[in-house]
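Working notes, beginning with the structure itself.
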Amino acid sequence: MRGPVPYIFQMDDAIEIRHGRTADVFAIGRVLVETWRATFRGQLDDAYLDRMSPAEQAVRHMSRRNATGVGHYVAIDNRSDALVGFANYGPARYNASTPVGEIYALYVLPAYQGRGIGGALVRAVARRMVEGGTVTLIAWVLSTNPNRAFYERLGATPVETSIIGLGGHRYEQVAYVWRDLHLLISRDAGAA
């Protein structure tokens, strides 16, 4: 994949989707931890959630930024200049015969969910993948995630399950795949 193509999408007067910057990683860490704690409290080990650190998540995402083809899109609330959501993407973490992209992380603060921000972030990633010659995209989602239907509403299909270890416990995750990103981009065209 080549470098990021400039992309800014104004959802409405309040929310803008843009490429992530190095300076965004600490806010990305905060959004990830706040979202995990709100979404998975009572489903994952609470001690694990309590130990999650925004600074550690920022370091993880900073290290990912240096990998070839990896990037972030972020959602910014223009009223407060706060980062309220993000998508981290890049090449799939498994070998495939054709280029496959992966959404490594997609999180929107609970107070901003249901406004189309997640869909706008996914479509931004899809456009980036298509520009780089990739037409298939995968996202792994915990099977207990109450927001799994979001991926299905965007046209993704569950295709596989696996087990992931988190905090000394094992949890099932589901792979959702978009096999033709052109459909994802054109579907609900113009909708956020």
For the chain, calculate the relative contact order in percent as a whole number, restricting contacts to Cα pairs under 8 Å that are 6 or more residues apart.
19
What fraction of the Cα pairs in the chain, stated in percent, has a spacing above 29 angstrom?
17
Counting other Cβ atoms within 10 Å, keep those with at most 16, restrict to DSSP loop, and tell me which trypsin sites (Lys or Arg not before Pro) in the range 31-83 are left.
ARG79
State to the nearest 20 debye the size of the charge dipole of the chain about its Cα centre, where the only charges are +1 on K and R beta carbons and -1 on D and E beta carbons.
320
Report the Stokes-Einstein translational diffusion coefficient (µm² s⁻¹, integer) for the range 97-192, Rh taken as the Kirkwood radius over Cα pairs, at 25 °C with viscosity 0.890 mPa s.
175
The range 102-192: relative contact order as a whole-number percent, Cα under 8 Å and 6+ apart:
34
Ranked highest first by the average count of other Cβ atoms within 10 Å around their residues, in what order do 144-151, 27-34 fall?
27-34, 144-151
In what sequence, highest mean first, do 84-94, 107-117 appear when ranked by Cβ atoms within 10 angstrom?
84-94, 107-117
In this structure, the FRET efficiency calculated for GLU56 and ALA82 from their beta-carbon separation, with R0 = 25 Å, to the nearest 0.05, is 0.75
Calculate for the chain the 222 nm mean residue ellipticity that helices alone would give, adding -39,500 (n - 2.57) per DSSP H run of length 4 or more and normalising by residue count, nearest 500 deg cm²/dmol.
-9000 deg cm²/dmol
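Only the coordinates and a few stated rules stand behind these numbers; no lab work does. From a predicted model like this one, the values you see are computed outputs, not experimental measurements. All Cβ positions, even for glycine, are placed from backbone atoms using ideal geometry, and neighbour counts span all protein chains on display.
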